[in-house]
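A.B. asks: The structure is given below, and queries will be raised subsequently.
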Amino acid sequence: MAVIDVPEPSPASGQVTIATEAIGVGGVDAVIRRGTLGGYGFSEGLIPGSEVAGTVTAVGADVDPSWIGQRVWAFTGTDGGYVEQAVARIGDLVLLPDELSSIDAVTLGSAAPVAHFALAHAHFAPGESVLVRGAAGSIGIAAVELAVRGGASIVAVTTSSPERGRRLRGLGATHVLDRAGKGDPASPTTFDVIIDIVGGADVPTFIDRLAPNGRMVSVGVVAGLPPADFGMRLMLAFQQSRSFATFSLDTVPFAMRDAIRAEKFAEAVRGELHPVVHDVLPLENAAEAHRQMDSGSVFGRIVLTPTRAR
């Protein structure tokens with residue numbers, strides 16, 4: 001990663017320009033940078049980042065000029081967020097409550113809707129047991145809080161250290177497991193729902209942790225793609241009626257996505273949902289943010305801020 005100068009953008013039809021105040025560093029940014037998703041067309045020269053918060057400074061010719069001066073959260077796509085001036089489509093903006101900081105907005109803006117819809121995709125119901133695999137990131141933290149609020153009987157988590165486990169218990173987790181899913185004799189051996197943010201070689205092992213009729217939903221692959229034959233674990237336990245699914249916000253209609261995002265922002269303002277910020281770094285230190293992501297030391301989200309905004 002390198003810091004470079006690029007021309008100041010001009011919004012095209014259906015777009016706005018945003019003076020960024022905060023930029024979220026997501027797990028998908030690190031996965032793209034590592035080349036894990038190289039087959040999806042990402043190449044050298046890409047500007048990482050998918051979510052920003054700031055103030056609209058210019059609009060395209062067909063966009064209502066009343067957007068200028070508004071504080072917004074914005075999705076920039078799979079790239080283009082690590083900049084002082086970001087461009088986003090008008091359909092990818094959500095107005096921010098005055099009481100919500102830009103830093104908190106990019107901590108929750110993608111993570112909370114992913115957690116919300118992933119639990120819905122798993123058909124999670126009150127009274128069921130939930131395991132959040134890789135719970136120390138912003139998606140995992142939101143999934144823990146939403147499962148607790150949704151009436152889960154058990155909310156277990158996997159994480160890498162006792163300190164992280166202590167903090168997750170403070171957010172509602174009932175059982176803390178290590179990365180292999182072990183370490184708590186009191187924890188159930190199987191779960192009705194598993195929300196998996198990790199992926200990687202251990203996916204088959206966690207499929208084995210599904211209860212009869214259990215559902216596992218993959219929302220990330222921060223540890224890489226699962227083995228090519230991981231689906232055999234489902235077939236070998238055919239009589240358990242287990243299921244595995246992937247989930248992406250891309251499949252949720254814009255209006256529904258934005259409504260839930262605005263709802264989660266309002267819940268944060270009311271103190272019902274907690275944005276957990278690991279660190280706030282200058283934009284030019286984006287490489288350091290990724291080093292911390294790769295080290296596995298991040299709890300919550302790292303946020304970048306342009307120098308002028310600090």
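The values are calculated or read from the model by the stated rules, or taken from the named source; none is laboratory data. It should be emphasised that the depicted structure is a prediction, and the values quoted were computed from it without experimental measurement. Using ideal geometry, Cβ is built from the backbone for each residue, glycine included, and neighbour counts are taken over all protein chains shown. Remember, those area values only see protein heavy atoms, side chains included, never the ligands or the DNA or RNA. Shrake-Rupley method; radii C 1.70, N 1.55, O 1.52, S 1.80 Å.
A.B. asks: Scan the range 290-305 and report the pairs whose first residue is closer than 17 Å to Val31 by Cβ and whose second residue is acidic (Asp, Glu), with Cβ atoms within less than 7 Å and a gap of 6+ or a chain change.
C.D. replies: Listed pairs, sorted by first residue: Ile302/Asp279.
A.B. asks: On to the next question. Can you name every residue in the range 1-56 that is more than 21 Å from Val298 (Cβ to Cβ), modelled with pLDDT of 95 or more and of a type in the set (Val, Ile, Thr)?
C.D. replies: Answer for the range 1-56, where residues must be more than 21 Å from Val298 (Cβ to Cβ), modelled with pLDDT of 95 or more and of a type in the set (Val, Ile, Thr): Val16, Thr17, Ile18, Thr55, Val56.
A.B. asks: For the range 282-310, give me the residue count where each residue is out of contact with any helix residue (DSSP H, G or I) (no Cβ under 8 Å at 6 or more places or on another chain), open to solvent by less than 50 Å² (accessible area, probe 1.4 Å) and not in a helix (DSSP H, G or I).
C.D. replies: Looking only at that region, the number is 1.
A.B. asks: Moving to a separate point now. Looking at this structure, is Ser43 without any contact (Cβ under 8 Å) to a residue 12 or more places away in the chain, open to solvent by 40 Å² or more (accessible area, probe 1.4 Å), assigned to a loop (DSSP other than H, G, I, E, B) and farther than 18 Å from Val280 by Cβ?
C.D. replies: Yes.
A.B. asks: So which pairs qualify, if the first residue must be in the range 242-261 and among the hydroxyl-bearing types (Ser, Thr, Tyr), the second must be outside any helix (DSSP H, G or I), the Cβ gap must be under 7 Å, and the two must be at least 6 apart or on different chains?
C.D. replies: Qualifying pairs under 7 Å: Ser243/Arg215; Thr246/Ser218.
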